[in-house]
Amino acid sequence: MARPSFNHHPQPRRTMSFGGNASTGVAAAAARREVRTRSRNLFILLHDLRSYAQLNYTGFSKITKKYDKVTSSDLRESFMKETVRALYPFTEEAQTKLREHMEATAYAFGLASKYSTIDESLVELKKCLREEVVWERNTVWRDMIAHERMVNAVGVQSPDLDHDADAPATSNVKARKMSATQRQLLRLAACTAVFGLAWAIPAFDGVEQQRCWAMLVYVSLLWATEALPLHVTALLVPFMAVMLGVMRSTGQSHAQLGAGEASKAVFSAMFSPVIMLLLGGFALAAAL
């Protein structure tokens, strides 16, 4: 079915004359702007309605397809044919009427904008549609960012207008909510305080055992509370083992290793041939 042209009307229509005096010309221009604005907004709404129907139809199709895959059944074809396609929004009649209404809206927009064909009107309306989509997307992101800032900032309530005039004024300032960084710093401070207590309270006779016990408590709390990222906690273990001097010599009994010897022992254990083989395998797998 060929699209109608603005220069040809299938049947007689009531026309508007934009000639006459200056006041009539101003009124005609205002009427054209009004028709152009309303037809543009109506076209955007009709396009959103068609997109909404298509999105729901695709959603039903994908959900039933996933259900058939998980349950090894064959529900998709029968469900889409007997249930979904039988609903009016998904019928061919509804889609055809929707297209006709969109073309009629484009026809009215073209008349008000003095386009020669409906194709030119549709091109202009699609440009308006893209601008509307970009504007809505930017508005959504701006609202989300503003909401996030309001959550993290100090909120001030508006005064209650219904309270009694003689009642004492109360503070409407909300307590400041702690951010994720502040909560993480608080957990880190608590773990460090427990580490200090484990260091100070004697639980073992040897100095190395006491320090190793404090390090074990500290690292366990850091791991459980995730006060630090897990990889940072893992790298903290050999660093603390060297700095606290908890390593002993394997050749001499009860001989504490110095910082240099302890570093060599730690690095030799961390970069053993087995560990390097695993790291090499992971690197090749990531590269491939």
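The values are calculated or read from the model by the stated rules, or taken from the named source; none is laboratory data. Here the structure is a predicted model, which is why all the values come from computation and not from measurement. Every residue, glycine among them, receives a Cβ derived from its backbone with ideal geometry; neighbour counts consider all protein chains shown. Each accessible area value is taken on the protein alone, full model and side chains, heavy atoms only, with ligands, DNA and RNA left out. Shrake-Rupley method; radii C 1.70, N 1.55, O 1.52, S 1.80 Å.
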- Task: Determine if the range 60-80 includes at least one residue that is touching a residue at least 24 places away in the same chain (Cβ under 8 Å), assigned to a helix (DSSP H, G or I) and open to solvent by 50 Å² or more (accessible area, probe 1.4 Å).
- Result: yes
- Task: Give me the pairs, please: first residue somewhere in the range 103-117 and at negative phi and surrounded by 20 or more Cβ atoms within 10 Å (Cβ to Cβ), second residue anywhere and assigned to a helix (DSSP H, G or I) and aromatic (Phe, Trp, Tyr), beta-carbon distance under 6 Å, and either six or more positions apart or on two chains.
- Result: THR105/PHE43
- Message: One residue is enough: does the range 39-49 have a residue meeting the conditions under 30 Å from GLY25 (Cβ atoms) and of a type in the set (Lys, Arg)?
- Response: yes
- So which residues in the range 206-231 are under 11 Å from LEU244 (Cβ atoms), surrounded by fewer than 17 Cβ atoms within 10 Å (Cβ to Cβ) and small (Gly, Ala, Ser)? none
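Answer yes or no as to whether SER158 is open to solvent by 60 Å² or more (accessible area, probe 1.4 Å), of a type in the set (Ser, Thr, Tyr), modelled with pLDDT under 90 and more than 25 Å from LEU235 (Cα to Cα).
In short, yes.
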- Item | Residues within the range 169-197 that are at pLDDT 50 or above, open to solvent by 70 Å² or more (accessible area, probe 1.4 Å) and either in a loop (DSSP other than H, G, I, E, B) or among the hydrophobic types (A, V, I, L, M, F, W, C) (or both), tallied | 8
- Task: Identify the single condition in (1) at pLDDT below 70; (2) closer than 30 Å to LEU257 by Cβ that ASP164 does not satisfy, given that it satisfies every other one.
- Result: (2)
- Across the range 228-256, what is the total count of residues that are in a loop (DSSP other than H, G, I, E, B) and within 22 Å of VAL217 (Cβ to Cβ)? 5
- Query: Which condition breaks for ALA203 when tested against (1) part of a loop (DSSP other than H, G, I, E, B); (2) open to solvent by 90 Å² or more (accessible area, probe 1.4 Å)?
  - Reply: (2)
